[in-house]
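Colleague: Please see the structure below; I have some questions.
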Amino acid sequence: MIDVTVDGEVVQVPEGATLLDACRTKGVDTPTLCYLETLTPVNACRVCVVELEGSRTLVPSCSRAAQPGDVVQTDSPRVRHSRKLVLELLASSVDLSLASGDVRRWVDRYEVDTARFGPAAAPAAADERDGRDSGHHHASDGATAETVAQPIKIHDEMYVRDYSKCILCYKCVEACGDDAQNTFAIAVAGRGFDARISTEFDRKLDQSACVYCGNCIGVCPTGALVFKSEHDLREAGTWDEAKQTMTRTVCPYCGVGCNLELHVQDNEIVKVTSPMDHSVTHGHLCIKGRFGWQFVQNRGSE
Amino acid sequence: MDLKLLPAEASPEERAAVASVFDSSSEASNADRVAREGLNEAKARRHLLLPALHAVQKAVGWISQGALNEICCRLIVPPAEAYGVASFYAMFSTVARAPRVAHVCDDIACKLAGADAICATLERTIGPPGTSSADGQATWLRSPCLGLCERSPAALFQLAGSESADDDTIAPATIDEIEQILNGATVPAPAVGSTPQTSGTREPELRLLRRVGVADPTSLSAYRAAGGYDALARAVQMGPAQVIAEVSASELQGRGGAAFPTGRKWDAVAKTAETPRYVVCNADESEPGTFKDRVLMEEDPFATVESMTVAGFAVSAAHGYLYVRGEYPLATARLEGAIRQCRADGLLGADVMGKGFAFDIELRRGAGAYICGEETALFNSIEGFRGEPRNKPPFPVEKGLFGKPTVINNVETLANVLDIVLEGGAAFAGVGTEQSTGSKLFCVSGSVERPGLYEVAFGTTLGGLIDLAGGVRDGGGLATVLLGGAAGTFVSPEHLDTPLTFEGTRAIGASLGSGVVMAFDESADMRDIVLRIAAFFRDESCGQCVPCRVGTVRQEELLRRLARDGARPSPAAEADLLDELARVMRDASICGLGHTAANAVQSAVSMGVFEGTERE
Ligand SMILES: Cc1cc2nc3c(=O)[nH]c(=O)nc-3n(C[C@H](O)[C@H](O)[C@H](O)COP(=O)(O)O)c2cc1C
Ligand code: SF4
Ligand code: SF4
Ligand code: SF4
Ligand code: FES
Ligand code: FES
């Protein structure tokens, strides 16, 4: 075990643990956006930074390996400032309305004020952001704050991609790639503020390598990727989590034994998730378990 | 992994272009592939992605779906990832584009030299950047600094088609020349030199520039006649441990911007148990205002090859990678020539100089991304991934190129090693000051009489250097100096007596950075310059981390408000917000780009470039 001092109190963590593990051991609520237990850390969002004694800059707790004797501050003025600004920069450029309760709690805690950057600029036209050239941009006159707002991409009946809500946490890319699915249908394209999640040449999903496993939906923290069924109900104003029940069951399609969580509202399955802590699937599924439930609801309506 | 490819076919030209990369893939990379056994075949080949994209871009002028398919098929790379890489770089187009492209520099030095007027004319005659000319054969784009500031304004031409000439640059550029080349004229050879100290009465003290203008840069025998390869011979006599001891004793600090002790790096790599190890030469020079490495590589390319070989010998690395900025066609050609001749003469290869050690160099061209000069982004770029910096630690000496221990040094840093080996570390340390040893190249540009690359011993003052360059042009008054590049600091004339050393510049809250000294006279529109710097960082952010990806956008927006008197609620409040942005970028960004993106901007704002924002 390693001794690490977190906010003045010594905690013990196993060798190989991160500073985030140390913070959590002490029970410090540490914001994270791009971190997920089941994925390789990309340490891109920087909301989890802490002040490490002896380090010139702050360090990302989610990926920094704890060293014996590390002394970290999680609530110093520098830490609070960087976390606040990271959240402000995101909240002023991305639609966080469907982000998790955790995110909303952190936004409150760090007193995020997006008005400081001015009113939001007009959304981009459909697919315009996907064609932007690296190394070139049209600068505004500064009266409005640029955002990633753009029309939602609805190309099939499985799931929708609303990149106005994308914080570019790379989780979907990792879930689609070597951390889970090994399909590599999506990657980050472009550069800088114009970087975006994209298939090759921004082709529609059904023309890409996507196999509709939905694992990217499962890891997306902001609701940028959601089931079409959920999206439709939200559009109709009838999505109501209070009325939903969740039933845990085993996928009937094959012998792997994936656990499914069926979310049911008004007697209809509205989405399927998979428990993160499951030893076989770690939250991941395939198209059959994720989307193969539509037939259950075809109650002879034709 | 099943590769699902695009339903598109490559044209014969595209297929031939991709094939050429595999055929010409040199001994170095083939041998290296074997060295990296343990990686699966696909991963072992992925480092050819950037060369393949270059080949296609050159052959047909853009990366089509069919061409990307062909590349993905041969390299076993998923198309989405390859597209992510291709779309990262400014020199690749993923939409059809005219075969002749002028990249017109509108960055700081070129702005001072009338680049905006050139752009305005092109906008009138062709249309906004990216528009094709009437015949569909030409287009133009704005470009960040092309590393030709001493001869500004500058333009780079990307010329596609197997029949066409190689990419080339012109500086100083005129609108007439640009239009002629876009119409198919050939690119003229440069008429003016870049090193005022080597013309007329030659400065006798030159060390790094010693062979410039003396030895034919295209001839190995000329290089050897001028003392070339004496250092490697001496290094072999000394043995690796002694070479590292001399480099440590010289107290040489890196010239790429971070001023890290070179001996410490070499020692750390030499001491690791892991193999293979790599030597990487960082020749991506893209810091606005910087052109020193370009001049060294164009005028003394064999020195780069020899010094890399010394490094390889010292740390027992058999493979070197030389990553040259994509916008440096002449340096690339000269280095390619040098590598070829050295291989033919047994100065590179399986048995260097017949002394029983192997070393070879693979040259890689960047493709238009400042961030790829950051060492870990550079590794990713070579490996065929997006040029996104990695989180550190681990540092390159532990996990560098292909995850192996790596020495990475700047071109100028390596050039110093030759003298260190020949004269000994102690003698080298006798030049300059106690804390800044040796001589230093300075890229002097802007409003001076004789812009160019100057070599002086550390300790020369800022004012002394500007005097060496003939003082302010046309007898004008000096308004400010940009020290260290866009990532550096604006300093006021009151600091002219500051010694140009690591410690001297630190004492005034500045840094030497990459050796940029750009002078501005009182006629310069400083607001416009500051806005250009802010735009540069926004364009060049890799986009990976939030503080820099969004912070550079907010910084530019804020400055634009100040520039048009749209400050809200007041200029002083905007200056405070700018400080807040600077703090998060400096504290929480992943890499040096974000850490320094506010430096120059903040220094200008506190000097009162925008009314009402002055600070003590
Ligand atoms: C954004 C950015 C760009 C950089 N560009 C260059 C470059 O073009 N050339 C270079 O030698 N170092 C560059 N560096 C510094 C390198 O990361 C690294 O420190 C250097 O190559 C080490 O070599 P040295 O010790 O010989 O200076 C850059 C760093 C950053 C953060
Ligand atoms: S649904 Fe599965 S295959 Fe398709 S993009 Fe998402 S993770 Fe990749
Ligand atoms: S779509 Fe979701 S998971 Fe993917 S990068 Fe954006 S926010 Fe993250
Ligand atoms: S600081 Fe900027 S350039 Fe560096 S990793 Fe972050 S986004 Fe990329
Ligand atoms: S959660 Fe650590 S950097 Fe995103
Ligand atoms: S070449 Fe144009 S600013 Fe450097």
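Colleague: Run the dipole for the protein assembly as shown about the Cα centre, Lys and Arg Cβ at +1, Asp and Glu Cβ at -1, nothing else charged, and hand back the magnitude in debye, nearest 20.
Modeller: For this selection, approximately 1240 debye.
Colleague: Let me ask something additional. Please compute how much accessible surface disappears when A pairs with B, both sides summed, using a 1.4 Å probe, and round it to the nearest 100 Å². Walk me through the numbers on the way to the answer.
Modeller: Numbers: alone 15340 and 23200 Å², together 33380 Å².
For chain A against chain B, roughly 5200 Å² becomes buried.
Colleague: Let me ask something else. Over what distance in Å are the Cα centres of region B:177-221 and region A:32-97 separated?
Modeller: Spelled out, the Cα-based centre of one part sits 49 Å from the other.
Colleague: Please report the carbon-and-sulfur percent of the accessible area for the protein assembly as shown; probe 1.4 Å, protein heavy atoms only, DNA, RNA and ligands left out. Provide the component values of the computation, followed by the final result.
Modeller: Working: 16870 of 33380 Å².
Summing carbon and sulfur atoms, their accessible area is 51 percent of the total for the protein assembly as shown.
Colleague: Additional query: As an exercise, use a Förster radius of 45 Å and the Cβ-Cβ distance of A:VAL71 and B:ASP23 to find the FRET efficiency, rounded to the nearest 0.05.
Modeller: Details: r = 57 Å, r/R0 = 1.26.
That gives a FRET efficiency of 0.20.
Colleague: Just tell me which lysines come within less than 21 Å, Cα to Cα, of A:LYS288; anything on the same chain fewer than 8 places away is out.
Modeller: A:LYS204, A:LYS228, A:LYS271, B:LYS4
Colleague: Here's something else I'd like to know. How much accessible surface does A:THR5 have with a 1.4 Å probe, in Å² rounded to 10?
Modeller: About 40 Å², ignoring ligands and nucleic acids.
Colleague: Report which residues of region A:1-45 become buried by 40 Å² or more of accessible surface when going from the isolated chain to the complete set of protein chains (1.4 Å probe; DNA, RNA and ligands ignored).
Modeller: Buried by 40 Å² or more upon assembly, which counts only protein chains, are A:ALA44.
Colleague: Would you mind getting me the FRET efficiency between B:ALA134 and B:ILE76? Use the beta-carbon distance for r and R0 = 41 Å, nearest 0.05. Present the calculation step by step, with values, prior to reporting the outcome.
Modeller: Values: r = 42 Å, r/R0 = 1.03.
So, using R0 = 41 Å, E works out to roughly 0.45.
Colleague: A further question follows. Using the beta-carbon distance between B:GLU522 and B:ASP565 and R0 = 22 Å, what value does 1/(1 + (r/R0)^6) give for FRET efficiency, to the nearest 0.05? Before the final figure, lay out each step's value.
Modeller: Details: r = 22 Å, r/R0 = 0.99.
My answer for the efficiency is 0.50.
Colleague: Collect residues whose amide H, placed 1.01 Å from N in the peptide plane, falls under 5 Å from the amide H of A:ALA120; neighbours closer than 5 in sequence don't count.
Modeller: Amide H neighbours of A:ALA120: A:ALA145.
Colleague: Ignore the peptide's own chain and count Cβ atoms of other chains within 10 Å of each Cβ in A:140-150; give me the average, rounded. Kindly include the intermediate steps, with their values, before the conclusion.
Modeller: On the way: counts 5, 6, 15, 6, 1, 5, 6, 2, 1, 0, 0.
Mean inter-chain Cβ contacts per residue within 10 Å come to 4.
Colleague: How much length, in nm to one decimal, is gained on full extension between B:ALA427 and B:ALA258, taken as 0.36 nm per residue of separation minus their Cα-Cα distance? Intermediate values should be presented prior to the final figure.
Modeller: On the way: separation 169, 0.36 × 169 = 60.84 nm, distance 2.36 nm.
Between B:ALA427 and B:ALA258, full extension yields 58.5 nm more.
Colleague: Using the Karplus equation 6.51 cos²θ - 1.76 cosθ + 1.60 (θ = phi - 60°), what ³J(HN,Hα) coupling, rounded to whole Hz, does each residue of region B:412-427 give in order, writing x for Gly and Pro?
Modeller: 5, 4, 5, 4, 5, 4, 4, 5, 4, 5, 6, 9, x, x, 5, 5
Colleague: Run the quick spin-label model on B:ALA233 and B:ASP467: label points 7 Å from Cα toward the beta carbon, then report their separation in nm to one decimal.
Modeller: The modelled label-to-label distance comes out at 4.1 nm.
Colleague: Which pairs, out of A:LYS84/A:LYS171; A:LYS171/B:LYS58; B:LYS271/B:LYS392, put more than 28 Å between their alpha-carbon atoms? Let's see the in-between values first.
Modeller: On the way: A:LYS84/A:LYS171 22 Å; A:LYS171/B:LYS58 35 Å; B:LYS271/B:LYS392 20 Å.
Cα-Cα > 28 Å for A:LYS171/B:LYS58; rest within.
Colleague: Please work out how much accessible surface A:TRP293 shows to a 1.4 Å probe, ignoring ligands, DNA and RNA, in Å² rounded to 10.
Modeller: 20 Å²
Colleague: Continuing with this model, one more query. Give a quick list of GluC sites (Glu not before Pro) in region B:466-528 that DSSP marks as loop, anything other than H, G, I, E or B, with at most 13 other Cβ atoms within 10 Å.
Modeller: Of the GluC sites (Glu not before Pro), the ones in loops of region B:466-528 whose Cβ has at most 13 other Cβ atoms within 10 Å are B:GLU522.
Colleague: Solvent-accessible area per residue for region B:220-429 at a 1.4 Å probe radius, Å²? Provide the component values of the computation, followed by the final result.
Modeller: Working: 6000 Å² over 210 residues.
Accessible area per residue, region B:220-429: 29 Å².
Colleague: Okay, next question. Compute the relative contact order of chain A as a whole-number percentage, counting only Cα pairs closer than 8 Å that sit 6 or more residues apart in sequence. Let's see the in-between values first.
Modeller: Values: 539 pairs, mean separation 37.0, N = 302.
This gives 12 percent for chain A.
Colleague: Within region A:24-41, list the residues whose amide N lies under 16 Å from a label point set 7 Å along Cα→Cβ of A:MET1.
Modeller: The answer is A:24-27, whose backbone nitrogens lie closer than 16 Å to the label point.
Colleague: Here's something else I'd like to know. Rounded to the nearest 20 debye, what is the charge dipole size of chain B about its Cα centre when +1 sits on each Lys and Arg Cβ and -1 on each Asp and Glu Cβ? The partial results should precede the final answer.
Modeller: Details: 56 positive and 79 negative charges, 269 e Å.
Dipole of chain B, to the nearest 20 debye: 1300 debye.
Colleague: Which part of region A:65-79 falls in the paramagnetic zone of A:GLU53, meaning amide N under 16 Å from the point 7 Å along Cα-to-beta-carbon?
Modeller: Under cut-off, by backbone N: A:66-76.
Colleague: Heavy-atom accessible surface, probe 1.4 Å, ligands and DNA/RNA ignored: which residues of region B:593-616 lose at least 20 Å² versus the isolated chain?
Modeller: Those are B:HIS595, which lose 20 Å² or more relative to the chain on its own.
Colleague: While we're here: Have a look at A:SER92, A:VAL59, A:LEU20 and report the one farthest towards the positive end of the charge dipole of region A:1-122, computed about the Cα centre with Cβ charges (Lys/Arg +1, Asp/Glu -1).
Modeller: A:SER92
Colleague: Measure off 7 Å from each Cα along the Cα-to-Cβ vector at B:ALA8 and B:THR125, then give the distance between these two points in nanometres to one decimal.
Modeller: The modelled label-to-label distance comes out at 3.2 nm.
Colleague: Given all pairs of different Cα atoms, what value in angstroms does the Kirkwood hydrodynamic radius of the protein assembly as shown take?
Modeller: Numbers: mean 1/r = 0.0345 Å⁻¹.
The answer is 28.9 Å.
Colleague: Let me ask something additional. Quick one: order B:ARG506, B:ARG450, B:ARG74, B:ARG561 from most to least accessible surface, probe 1.4 Å.
Modeller: Details: B:ARG506 145, B:ARG450 120, B:ARG74 85, B:ARG561 5 Å².
I get B:ARG506, B:ARG450, B:ARG74, B:ARG561, largest accessible area first.
Colleague: Taking only protein heavy atoms and a 1.4 Å probe, what accessible area per residue, in Å², does region A:16-156 have with all protein chains in place?
Modeller: Result: 41 Å² per residue.
Colleague: How far apart, in nm, are two points set 7 Å out from the Cα along the Cα-to-Cβ line at B:ASP351 and at B:SER316?
Modeller: In this crude label model, B:ASP351 to B:SER316 measures out at 2.1 nm.
Colleague: Under 5 Å between amide H atoms, partner at least 5 residues away or on a different chain: which partners does A:VAL49 have, H built in plane at 1.01 Å?
Modeller: It is A:SER61, by chain and number.
Colleague: Across chain A, where is the longest run that never hits trypsin sites (Lys or Arg not before Pro) in a DSSP loop with at most 10 other C-beta atoms within 10 Å?
Modeller: Details: sites that count: A:ARG56, A:ARG299.
By the stated rule (loop sites, at most 10 other Cβ atoms within 10 Å), A:57-298.
Colleague: Please give the length that would be gained between B:SER162 and B:VAL95 if that part of the chain were fully extended, namely 0.36 nm times their separation in residues minus their C-alpha to C-alpha distance (nm, one decimal). Before the final figure, lay out the partial values.
Modeller: Values: separation 67, 0.36 × 67 = 24.12 nm, distance 1.91 nm.
Here the answer is 22.2 nm.
The values are calculated or read from the model by the stated rules, or taken from the named source; none is laboratory data. Here the structure is a predicted model, which is why all the values come from computation and not from measurement. Backbone-built Cβ (ideal geometry, glycine too); neighbour counts: all protein chains shown. What goes into the accessible areas is simple: the full protein's heavy atoms, side chains included, and nothing from ligands, DNA or RNA. Shrake-Rupley method; radii C 1.70, N 1.55, O 1.52, S 1.80 Å.
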